[in-house]
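Working notes for the structure below.
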Amino acid sequence: MSKRISILGSTGSIGRQSLDVIAACGMEAAALTANSNAARMEEQVRQFKPELAVMMDERAAADLRIRLADTPVRVASGMEGLLEAAELPSADTVLTAVVGMIGLRPTMAAIREGKRIALANKETLVCAGQLVMEEARDFGAEILPVDSEHSALFQSLQGCRDRGEVRRLILTCSGGPFFGKTRTELQGVTRKDALQHPNWSMGAKITIDSATLMNKGLEFIEAMHLYQVPPEKISIVIHRESIIHSLVEYCDNGMIAQLGAPDMRLPIQYALTWPRRTVGPADPLDLCSCGPLTFAQPDLDTFRCLDLALKAARTGGTAGAILNGANEAAVALFLEDRIGFLEIADRVALALDRVPVIQEPSMTQILEADQAAREAVLSA
Ligand code: NAD
Ligand code: MG
């Protein structure tokens, strides 16, 4: 069970909910990090009293130093600061809630210190899952999922004595705000439409990924790495209500699922308290009012991003890094109103076409693939 936690990305959606959990469960914050919101960081530092606060942005760090001048809290900045937060000796756990592949280096650093990793930052596993998992094995670092689907799988695997008995992992998918729409209907979709998720309130990037269904594709690759299963042993089912968070099908046709209200504080908490459970702040689920539970096949023709991700999952090697880098760049363009909604998939497809895939890549080759994919998207 975790006691002192460094939260990378504490001002974001997952970061703030993690602080709720920490406060409710009597845990402590060792370090907090954020990109540029010094005002919110100041509030968090005054409440949680970590020993280190890090702003990625240098100017925000200078601002934070002035704001915290009356406190003993050390302020650091940039990637150096992020790495320091990841390696802080007094922390037993590092919760990775930064968005994007920027989380890769600090996650590796925390693994090398043998910390428990409560992993929300899925982009890290999509880019470099094999290297991250190998490093975790070598350094004896536990990687516990925060993503609700992966936590549901983890919870549904708790009674499993032999992984050979698992037939299939089934990821549930809400379908996002555009479930049931055709490609023609999606042509004029705006940033504002895409930022409305029916069941979850999340950061902008993952909300767009949930609208394109790229999020489920990233989660598919994340599951392959976390549970060391080949792509043919994972399937995806649309479940609009987000009550069943995922399921494991066993060889005797039994299925074990985890249910709960759509509240990220439960999977966050489980990653911190495992192997125990404790009373916490997550909402309870009322079975009689959560409505009928429905299931459907995903539409891979309309939601091309999911199809591209599944192909990248089967290709392996640097395909995940190319997919992810291209998607990060394309979503940023969409959020700046520079490309349309359907063009996100077009740009990702183009990057996957242009950048050659390398199998069994080194970290340098992964970073190069990521960079080449971003360049392909920007130069289209
Ligand atoms: P968010 O945008 O709300 O927060 C991101 C955090 O990272 C913020 O604290 C921000 O300051 C920091 N950050 C952003 N860019 C940075 C940079 N370049 N360098 C350093 N720090 C930076 O995002 P979120 O919704 O909390 O998602 C965080 C991660 O968790 C993502 O990888 C996402 O896929 C994953 N996740 C989120 C949810 C959810 O419900 N929000 C669910 C499952 C997984
Ligand atoms: Mg998820």
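Overview of values
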{"read-out": "Likely footprinting exposure, 334, 139, 341, fewest C-beta neighbours within 10 Å first", "value": "139, 341, 334"}
{"read-out": "Cα-projected label distance for residue 314 with residue 200, points at 7 Å along beta-carbon direction, nm", "value": "2.6 nm"}
{"read-out": "Listed residue pairs exceeding 21 Å between alpha carbons, taken from 115/216; 181/233; 122/233", "value": "115/216; 181/233"}
{"read-out": "Footprinting exposure proxy for 179, 295, 303 (fewest neighbouring C-beta atoms within 10 Å first)", "value": "295, 179, 303"}
{"read-out": "Volume per residue that the Cα convex hull of region 170-215 spans, once the total is divided by residue count, Å³", "value": "80 Å³"}
{"read-out": "Ranked list, fewest to most other Cβ atoms within 10 Å of each Cβ, for 41, 133, 255", "value": "255, 133, 41"}
{"read-out": "Projected-area mean, region 128-233, by convex hull of Cα positions, square nanometres", "value": "8.4 nm²"}
{"read-out": "Residues whose placed amide H lies under 5 Å from that of residue 285, excluding near-sequence neighbours", "value": "261"}
{"read-out": "Förster-model FRET efficiency, 41 Å R0, residue 368 and residue 286, C-beta, rounded to 0.05", "value": "0.25"}
{"read-out": "At R0 = 30 Å, FRET efficiency that the Cβ-Cβ distance of residue 296 and residue 346 yields, to 0.05", "value": "0.70"}
{"read-out": "For residue 234, distant residues with modelled amide H under 5 Å away", "value": "169"}
{"read-out": "Charge dipole (debye, nearest 20) of the chain; +1 at Cβ of Lys and Arg, -1 at Cβ of Asp and Glu", "value": "380 debye"}
{"read-out": "Mean residue ellipticity (222 nm) of the chain, computed from DSSP H runs ≥ 4 via -39,500 (n - 2.57), nearest 500", "value": "-14500 deg cm²/dmol"}
{"read-out": "Compactness index (Cα Rg / 2.2 N^0.38 Å), region 202-314", "value": "1.16"}
{"read-out": "Distance between region 218-296 and region 20-97 - C-alpha centres, whole angstrom", "value": "30 Å"}
{"read-out": "DSSP bridge orientation in the chain - percent antiparallel, rounded to nearest 5", "value": "25 percent"}
{"read-out": "In sequence order, calculated HN-Hα J values of region 318-328 (Karplus, 6.51, -1.76, 1.60; Hz; x Gly/Pro)", "value": "7, 4, x, 5, 5, 4, 5, x, 5, 5, 4"}
{"read-out": "Highest-fluctuation residue, 331, 166, 279 considered, GNM on the chain with Cα pairs under 10 Å", "value": "279"}
{"read-out": "Modelled label reach - residue 380, point 7 Å along Cα→Cβ, region 97-117 residues with backbone N closer than 20 Å", "value": "100-101"}
{"read-out": "Efficiency of FRET between residue 36 and residue 142 - r from beta-carbon atoms, R0 22 angstrom, step 0.05", "value": "0.10"}
{"read-out": "Distant-in-sequence amide H partners of residue 76 (H built 1.01 Å from N, under 5 Å)", "value": "53, 54, 55"}
{"read-out": "For region 161-171, 3J(HN,Hα) per residue [Karplus equation, 6.51 cos²θ - 1.76 cosθ + 1.60, θ = phi - 60°, Hz, x = Gly/Pro]", "value": "8, 9, 4, x, 7, 7, 8, 7, 9, 10, 8"}
{"read-out": "Which of 278, 298, 264, positive extreme of dipole for region 261-330 (C-beta unit charges)", "value": "278"}
{"read-out": "Long-range tail of P(r) for the chain (Cα pairs > 26 Å, %)", "value": "51 percent"}
{"read-out": "Karplus 3J(HN,Hα) series, Hz, for region 256-264 with 6.51 cos²θ - 1.76 cosθ + 1.60 (x for Gly, Pro)", "value": "10, 10, 10, 10, x, 4, x, 8, 5"}
{"read-out": "Label-point gap, in nm, between residue 183 and residue 279 - each point 7 angstrom along Cα→Cβ", "value": "5.5 nm"}
{"read-out": "Check: region 191-236 dipole with +1 on Lys, Arg Cβ and -1 on Asp, Glu Cβ, in debye", "value": "160 debye"}
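No lab work stands behind these numbers, since they all come straight from the coordinates. Just so it is clear, the structure is predicted and the values come from calculations on it, not from any experiment. Cβ atoms come from the backbone with ideal geometry, glycine included; neighbour counts cover every protein chain shown.
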